[in-house]
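Each remark here refers to the structure printed beneath this line.
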Amino acid sequence: MSAAPQPGGPAARRGRFVTFEGVDGAGKSTQIAATAQQLRRLGIEPLVTREPGATPLGEALRAMMLTQSMEPLTETLLMFAARLEHVRHVIEPALAGSRWVLSDRFTDASYAYQGAGRGVDAQRIAALERWIHPQLRPDLTIVVDVDAETAAQRRRKVRDADRFEAEPAEFFERVRAAYLARAEAESHRFLVVDGRREPQEVLADIMERLRPWLS
Ligand code: TYD
C-alpha cells in the first residue's frame, strides 16, 4: 500500500492517543511495532513510546523498578513520577502537535499491576491519576489478552525474568482479570484482542478498530 493523503478536515487529522496493555509475554510489543508500521504506510508517523521509561529520568526509574525490591506504594509513586515526566515532556507535546502516540502501557497498568497485582488500594491509584493527569485519557486502550500460563511460556522462551516477571502465575491471573474488568467497565475506550492467535490476525483486529480514525 502506498502512502495515502489524509482526507477530511482537521478532526480527521488530529492525533490519537492509543495505549497497549496486557500481561508480560502477551505480545503487545509486537503489536505496537506492527501497528506503527501500518500507520506509516498510511502516511502517519506515530510517536512510539513506553512506560515506565520514555524520558531519561523515566528510564532511570524503570531500571530501579525492574531490579530493586520496594514497597508496593513506593513502586506506585515511582510509576506516577515517571508518568508525570512522560506526560509533560513526551505525550502532551506530541498530541498538541496532532501526532499519533502509541504507548506501551499507561495508567491502566498501575491499576492492574500495583492495584490488583500488589494490593495497592485502587482509590489511591485513582487519586494519583487525578493528580498527575486529570485531563488525559487514552482515546483507545488495546488489551492483548492471553492467559497467564501461555504468557509465562512465551516469556521463558525469550528472556530472563525481571522483578515483575518473576511473580507467580496467580499474580498474572490477577493482573489479567483487572485488565478485563476495566475493559468491561469502560468498553467504549477498550479493545480486547485474543493474543493467542497469529500476530497478523491480532493486528487485523486492531487496524479494523482504528479504521474510522484513518479516513
Ligand atoms: P514492559 O515494558 O511491558 O515490560 P517488557 O519491556 O519487559 O516486556 O513493562 C515493564 C514492567 O512494568 C511490566 O512488568 C509491568 C510493569 N508496570 C507496572 O507494574 N505498572 C505500571 O504502571 C507500568 C506502566 C508498568
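Structure notes:
- With Cα atoms, 0 to 90° folded angle of helix 28-41 axis to the chain main axis: 10
- Helical runs (DSSP H, four residues minimum) scored at -39500 (n - 2.57) apiece and divided by the length of the chain put the mean residue ellipticity at 222 nm at -14500 deg cm²/dmol.
- Set of the stretch 89-120 residues, backbone N closer than 12 Å to the point 7 Å along the Cα-Cβ line of ALA181: 111-113, 115-120
- Here is the tail figure for the chain: Cα pairs spaced more than 24 Å apart come to 41 percent of all pairs.
- Against the chain, whose longest principal axis is taken from its Cα atoms, helix 199-210 shows a tilt of about 60°.
- 13 Å beta-carbon shell around PHE190, net charge (K/R +1, D/E -1): -3
- Packing rank of 138-144, 75-81, 188-194, where each peptide gets the mean count of other beta carbons within 10 Å, highest leading: 138-144, 75-81, 188-194
- Packing, taken as the mean count of other beta carbons within 10 Å per residue, orders the peptides 52-65, 151-164 from highest to lowest as 52-65, 151-164.
- Against the main long axis of the alpha-carbon atoms of the chain, helix 56-67 sits at an angle near 40°.
Quick note: the coordinates plus some simple rules give every number you see, no bench work behind them. Here the structure is a predicted model, which is why all the values come from computation and not from measurement. For neighbour counting, all protein chains shown are included, and Cβ atoms are generated from backbone atoms with ideal geometry for every residue, glycine included.
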